[in-house]
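See below for the structure under consideration.
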Amino acid sequence: MYDKAEALQRTIQRSLFSQSQLAGHSTEMLLLSIKLQAAVITNLTKLLSNIREALGADPKYLELTGSDINHQNLQWEIRKDSLLYFEGRVYVPDANDLRLQVLQLKHDHILAGYPGQSKTYQLICQDFY
């Protein structure tokens, strides 16, 4: 009985891929990872640029820049990157399709898997307001 169990365990632990297959695959995955990171950074950079452009006509931005933002409301701040932040998250004005772009960035990201509505909302709220 012990010999059958040991043989079964060896069968279960048998490797599915050879070392050469794994080595080649890991190199491909590294290159893919670099390409994905570059694509995400490009999308995020473009999105932040679009947000920055839209802020000039946003009523909330105009209201806050017309006042002394640092003394009146500690939740809001304009940082050196010229973006408006609410409690440390990037404020997304309701202009063009910026909010849809944020949704797509967080929902469609390859590393997000297939998040549901709640998970997507949580991902958005980590960085954006």
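Quick rundown of the values:
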| quantity | calculated |
| --- | --- |
| Segment Y121-S49, length gained on full extension (0.36 nm per residue, minus Cα span) | 23.7 nm |
| Distance (nanometres) between label positions extended 7 Å along Cα→Cβ at A95 and E77 | 2.3 |
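A short reminder: the numbers here are calculations on the coordinates, not readings from a lab. Predicted model, so just to flag it, every value in this text is computed and none were measured. Neighbour counts run over all protein chains shown; Cβ positions are idealised from the backbone, glycine included.
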